[in-house]
Amino acid sequence: MHCNHCQQPFETSPADQSFYTKMSQTVGEKEFALTAPTLCVDCRRQRRLAFRNERNLYNRECSLCHKNIVSIYSADKTKTVYCPDCYWSDNWNPFDYGQDFDFSQPFFPQFQKLFEVVPALSLILDKNENSAYNNSCAELKNCYLCFDGGFAQDCLYGETFDYLKDCIDFLFLQHCELCYQCVNCFHCYELFYSRFCENCSNSYYLMDCTGCKNCFGCVNLVQKEYCWFNEQLTKAEYEQKLASFNRGSFQAHAEMAERVRAFWSAAPKRASRGTMNEESTGDNIFSCHRSFDNFDCKDLQDSAHCQQVILPAHDCHDLDKWGGNTELVYNSSGVGSGAQCIIASYYTAFNANAIYHSAYCWFGSSNLLGCVGMNRHKQYCILNKQYTKDEYDALLGKIIEHMQKTGEWGQFFPPQISAFGYNESVAQEYYPLTIEQALAQGFKWSDYQTPAPTATRIIESKDLPDDITTVTDDILTQAIQCQISKKLFVITKTELAFYRDHHIPLPRHHPNQRNQELKAEKNPRKLWHRNCVQCNKEIDTAYSTDRIEKVLCENCYTQAVI
Ligand SMILES: [Zn+2]
Ligand SMILES: [Zn+2]
Ligand SMILES: [Zn+2]
């Protein structure tokens, strides 16, 4: 079978097939099969991610109360955008936009007409305090530019996290405090420039370490103290070495990072990162059972091709983000908290049930097809029009049949329906395209430029002081121009205090650029068949076959490391 989008050959596994059978929908007396996908795993994921703008925030007006708000929709978009207060109020009604289904047309153009006019929520934020500039977050206090997470205090520039305090520049952190530039770390304290660590503290530049403290530049260590590039030192020797490294200097860090990188990459790598998994494949997976091809996931059962599902879920295929008592979900994004039986939908959560091809339908809504913005137990609706249960069932059966003929049933919304330019969307982070490529593939592009602050003094990042000790408070009144993206960014007061306290030089790159650099530290979300370099056992690994690292199976890795 060849993918309809990239033309590459792809296979569906027996586990995929039996999942598709499970996702057949019984309507009245009839059973409607979920047709096998016509797009490969990557193209399905790319299409879903192109629907999602997570990190690009803009100022604009609420279309209802006209207050100035922060939003994921730039001011040039014609969309009706409501601030959370207006969106969750009784001052608008999703049924006002209801449409009849037209059997002379395919489904998606009809959905697009509805999707474009129903008011959109400016930002997805819940229960936050002093944290306006964040998105896809809940329970934040004093946070700035954090995305996809919750339960954090005094954190800046992070993505995918929970239970954090005083962390800056991070990716996939849980239960951490005072961490800087860390990726995929859990239960860590005062950890800097580190990757894939657990229970580590007061350390710098660690990779794949567990239970270490006072270590520097180490890899694959367990329960160690006072190690320098994996060499055991005495406390006095370690302290002397640490004192001789000028931690506050940008130049000293640049040189150290290069040395560390070479040391890390020469060390053996485990085929797949994670613990407590059974009959499962993927990377950075934890407590997964009979689940394959998942990335950054936790507590999955009988699931596949998911990413960032970190709360319990079972029987979910092709789901990006969330989970939590979530089951029977296919080809959807942003589904969680008790959601069940969801096909090809976007943001359907909080006990949503039996939702097909819909967006932003939550809080107990059920039995919806092609709906937008439904909540509070709305049910039996098609294209935002209310039906009785019998009418709904009769029409649902006919529409599924129609969509099976048009090849739309089970497909995620095509690129032209996305509210965002491809370059604003998460898809650009994982599947980068030029403007020409994106447009040729049917995606949109945004040429919106955020107006530059006029009164601010601008300093080029190359002109910043090398050492944090020589930085004055004057930096708080200036905007820094990123060397790479040329975008302007500022240093906040809390941030400057953190850098001074922990001897960290000022960053040279814009937060979005730094986020991209942290993402590049991870393996791609793809698996390759290889053989363990030690015992030759077949392994599925996110290290591609042309990578030079020594990749070991779980057994050989454990023996080599402990
Ligand atoms: Zn493809
Ligand atoms: Zn408003
Ligand atoms: Zn082996």
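Read the figures in this text as sums done on the coordinates, not as results from a lab. This is a predicted model, so every value here is computed, not measured. Here Cβ is always computed from backbone atoms with ideal geometry, including for glycine, and neighbour counts include all displayed protein chains.
Listing Asp318, Asp102 from the residue with the fewest other Cβ atoms within 10 Å to the one with the most, what is the order?
Details: Asp318 26, Asp102 12.
Ranked by crowding around the Cβ, least crowded first: Asp102, Asp318.
For Lys389, go through the lysines and keep the ones whose alpha-carbon is under 26 Å away, minus same-chain ones fewer than eight residues off.
Partners within reach: Lys22, Lys30, Lys113, Lys378, Lys398, Lys405.
R0 = 25 Å: FRET efficiency of Glu31 with Gln379, Cβ-based, nearest 0.05? Please list the in-between numbers first.
Values: r = 21 Å, r/R0 = 0.85.
Computed FRET efficiency for Glu31 and Gln379: 0.70.
Short version: what are the Cα gyration tensor semi-axes of the range 1-159, square root of 5 times each eigenvalue, largest first, in whole Å? Don't skip to the end; give the middle numbers.
On the way: eigenvalues 247, 111, 52 Å².
Here the semi-axes work out to 35, 24, 16 Å.
I want to make sure I understand the PRE zone here: with the label point 7 angstrom from the Cα of Asn59 toward its beta carbon, which residues in the range 432-471 have backbone N atoms less than 20 Å away?
Within reach of a label on Asn59, which here means backbone N under 20 Å from a point 7 Å along Cα→Cβ, the range 432-471 contributes 447-459.
For the chain, what's the relative contact order in percent, using C-alpha pairs closer than 8 Å and at least 6 residues apart? Show your work: numbers first, answer last.
On the way: 1318 pairs, mean separation 63.5, N = 562.
This gives 11 percent for the chain.
Positive end of the dipole of the range 247-328, charges at C-beta (+1 Lys, Arg; -1 Asp, Glu), about the Cα centre: which of His289, His317, Ala267 has its Cα farthest in that direction?
Of His289, His317, Ala267, it is Ala267.
Compute the distance in nm between two label points, each set 7 Å from the Cα along the Cα-to-Cβ direction, one at Arg547 and one at Glu279.
Going by the 7 Å Cα→Cβ label model, 2.7 nm.
Per 0.36 nm of contour for each residue apart, how much would the distance between Ser13 and Val70 grow if the chain were fully extended, relative to their Cα-Cα spacing? The partial results should precede the final answer.
Details: separation 57, 0.36 × 57 = 20.52 nm, distance 4.36 nm.
This chain segment gains 16.2 nm when fully extended.
Counting pairs of alpha carbon atoms under 8 Å apart in space and at least six apart in sequence, what relative contact order in percent does the range 277-436 give?
Numbers: 413 pairs, mean separation 14.1, N = 160.
This gives 9 percent for the range 277-436.
Would you mind working out the magnitude of the charge dipole of the chain relative to its Cα centre, with +1 at each Lys and Arg C-beta and -1 at each Asp and Glu C-beta, to the nearest 20 Debye?
On the way: 53 positive and 68 negative charges, 106 e Å.
Rounded to the nearest 20 debye, it is 500 debye.
Taking Cα atoms of the chain, Rg/Rh with Kirkwood Rh, to two decimals? Please list the in-between numbers first.
Working: Rg = 24.6 Å, Rh = 25.1 Å.
Rg/Rh: 0.98.
Hey, can you grab everything whose amide H is under 5 Å from the amide H of Asn128? Only 5+ residues off in sequence or another chain; H modelled, so Pro and N-termini drop out.
Amide H neighbours of Asn128, under 5 Å, 5+ apart: Glu139, Leu140.
With the crude spin-label approximation of a point 7 Å out along Cα→Cβ, what separation in nm comes out for Glu225 versus Ala560?
2.9
If the limit is 23 Å between Cα atoms, which of Lys141/Lys224; Lys526/Lys550; Lys213/Lys321 go over it? Don't skip to the end; give the middle numbers.
Values: Lys141/Lys224 34 Å; Lys526/Lys550 18 Å; Lys213/Lys321 32 Å.
From Lys141/Lys224; Lys526/Lys550; Lys213/Lys321, over 23 Å: Lys141/Lys224; Lys213/Lys321.
Give me the distance in nm between label points sitting 7 Å out from Cα along the Cα-to-Cβ direction at Glu239 and Ala138, one decimal.
Going from the Glu239 label point to the Ala138 one covers 4.6 nm.
Dipole magnitude of the range 209-340 about its Cα centre, charges +1 at Lys/Arg Cβ and -1 at Asp/Glu Cβ only, in debye to the nearest 20? List each step's numbers first, then the result.
Working: 13 positive and 17 negative charges, 141 e Å.
About 680 debye.
Show the residues, 5+ positions off or on another chain, whose built amide H is closer than 5 Å to the amide H of Leu39.
Here Asn4 satisfy the definition.
Give the calculated FRET efficiency between Arg261 and Thr78 to the nearest 0.05, with a Förster radius of 51 Å applied to their Cβ-Cβ distance. Intermediate results must be reported in sequence, preceding the final value.
On the way: r = 46 Å, r/R0 = 0.90.
So, using R0 = 51 Å, E works out to roughly 0.65.
Per residue of the range 83-95, what does 6.51 cos²θ - 1.76 cosθ + 1.60 with θ = phi - 60° give for ³J(HN,Hα)? Whole Hz please, x for Gly and Pro, Karplus curve as stated.
5, x, 4, 5, 4, 8, 8, 8, 7, 8, 9, x, 5
Within a Cβ distance under 11 Å of Phe151, other residues only, what is the Lys/Arg minus Asp/Glu net charge?
Working: positive: Lys127, Lys141, Lys165; negative: Glu139, Asp162.
Within the 11 Å Cβ shell, the charges total +1.
When ranked by the protection proxy of mean other Cβ atoms within 10 Å per residue, highest first, what sequence do the peptides 225-233, 306-314, 429-437 form? If you can, show how the numbers build up before the last one.
On the way: 225-233: 16.6, 306-314: 22.7, 429-437: 14.1.
For the peptides 225-233, 306-314, 429-437, the packing ranking is 306-314, 225-233, 429-437.
Multiplying the sequence separation of Asp90 and Thr477 by 0.36 nm and subtracting their Cα-Cα distance, what value in nm do you get?
135.1 nm
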